[in-house]
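The block underneath contains the structure these notes are about, expressed in structure tokens.
Please treat every number below as a calculation from the coordinates, not as lab data. These figures come from a predicted structure and were not determined experimentally. Positions of Cβ are generated from backbone atoms using ideal geometry, with glycine treated the same way; all protein chains shown enter the neighbour counts.
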Amino acid sequence: MISYNPNFLENIIIFTDDEKAFLDALNSKVSLSKFLSNKSYIDKFGMDFIHTSAKIEGNTYDKNDTLTLLEYGRTAGGKKYSDAKMIFNMRDAYYLFIKEDLEVSKKTLKDLHYILSDEMVADNERAMPRNEEVTIRGCEYIPLATAVKLDDELSYMFSKYEIMENAFDRALYLHCNLAYLQYFKDCNKRTARMMLNVSLKQDGKMLYIPNEEKVSEYLASVISCYETGSYDKFKSYFINEFKETVDAILAVENAKKQEQERPLRRSP
């Protein structure tokens with residue numbers, strides 16, 4: 001088994017200069033302001049974010065189930081109530097960070113966790129540090145087990161975040177180390193993914209939208225962070241996901257441009 005290593009929080013150099021340049025070039029193709037001003041983008045990619053984020057947590061709703069739930073409030077027959085509730089919680093947290101100018105802080109972290117953990121943990125455990133041991137399936141890592149130490153490490157993590165300058169470094173550092181700390185009794189990774197986007201949005205960068213086909217890659221990269229302290233697998237995963245999101249938006253915009261420039265059918 002692998003015990004918590006406080007030295008992992010010292011690693012604040014994540015992306016290479018070439019990787020930062022690549023991400024900045026992608027980001028320049030689709031501005032955050034354009035995304036946030038387009039309701040269809042917010043809703044379409046929001047549904048993808050909510051569905052895949054739930055799937056990462058083992059949710060059994062497929063994309064059609066999720067769409068029906070979010071559009072019409074109809075739950076899927078034979079599925080657990082907790083699966084529907086998880087999706088509703090994620091929807092509420094997603095639209096909160098979309099609509100509000102949230103800042104990366106302990107308060108924002110706890111506010112998001114309070115939403116995401118509704119009916120997932122006891123009310124007195126929502127937005128509160130864990131004070132008991134926890135194990136992680138499929139992983140050798142043993143997180144800290146006392147609230148005092150967890151709170152100290154969380155504060156230290158935020159202090160390191162504040163001195164970082166690159167937006168993409170900051171966002172990944174925040175996500176990976178929130179997941180590593182396992183500060184709350186449950187809902188840690190889903191809260192970390194929300195905070196990743198809060199960080200990107202705060203720094204004016206396009207959002208992270210996970211692909212449901214890459215769930216196993218996400219989980220493997222997070223476990224690698226837990227066990228080695230290395231960001232390599234996660235940053236590779238993130239770069240690919242970021243590119244896919246930008247490419248998807250560009251495809252929509254290119255389709256509109258072609259529609260404007262070409263007739264739908266040839267004249268007889």
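Numbers at a glance
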{"read-out": "When each of 214/243; 55/79; 85/106; 34/233; 34/99 is checked by Cα-Cα distance, pairs over 18 Å", "value": "85/106; 34/233"}
{"read-out": "Distance between modelled label sites at residue 38 and residue 244, nm, 7 Å Cα→Cβ extension", "value": "1.9"}
{"read-out": "Inter-part distance where the range 133-170 and the range 221-244 are each reduced to a Cα centre, Å", "value": "16"}
{"read-out": "Angle in degrees between helix 17-29 and the longest Cα principal axis of the chain, rounded to the nearest 10", "value": "40"}
{"read-out": "Anisotropy class of the range 34-128 from Cα gyration tensor, a/c 1.5 cut", "value": "oblate"}
{"read-out": "Residue order, fewest to most surrounding Cβ atoms within 10 angstrom, among 98, 2", "value": "2, 98"}
{"read-out": "Pairwise label distance in nanometres, residue 107 with residue 228, each label 7 Å out on the Cα-Cβ vector", "value": "3.9"}
{"read-out": "The range 46-146: GluC sites (Glu not before Pro) falling in loop per DSSP and having at most 12 other Cβ within 10 Å", "value": "100, 103, 132, 133, 140"}
{"read-out": "Net charge of neighbours whose Cβ lies under 15 Å from the Cβ of residue 107, counting Lys and Arg as +1 and Asp and Glu as -1", "value": "-3"}
{"read-out": "FRET efficiency estimate (nearest 0.05) - Cβ-Cβ, residue 159 to residue 133, R0 22 angstrom", "value": "0.25"}
{"read-out": "Those residues of the range 140-163 whose amide nitrogen sits under 14 Å from the label point placed on residue 3, 7 Å along Cα→Cβ", "value": "141-146"}
{"read-out": "When each of 80/110; 44/80; 80/256; 205/257 is checked by Cα-Cα distance, pairs over 30 Å", "value": "80/256"}
{"read-out": "Approximate spin-label separation residue 25-residue 148, in nm, with each point projected 7 Å along Cα-to-Cβ", "value": "5.2"}
{"read-out": "Relative intensity, log₁₀ I(q)/I(0), of the chain from a Debye sum that treats every alpha carbon as a point, q = 0.09, 0.13 Å⁻¹", "value": "-0.42, -0.86"}
{"read-out": "The chain: calculated mean residue ellipticity at 222 nm from DSSP helix runs of at least 4, using -39500 (n - 2.57)", "value": "-20500 deg cm²/dmol"}
{"read-out": "Relative contact order of the chain, pairs being alpha-carbon contacts under 8 Å that are 6 or more residues apart, as %", "value": "26"}
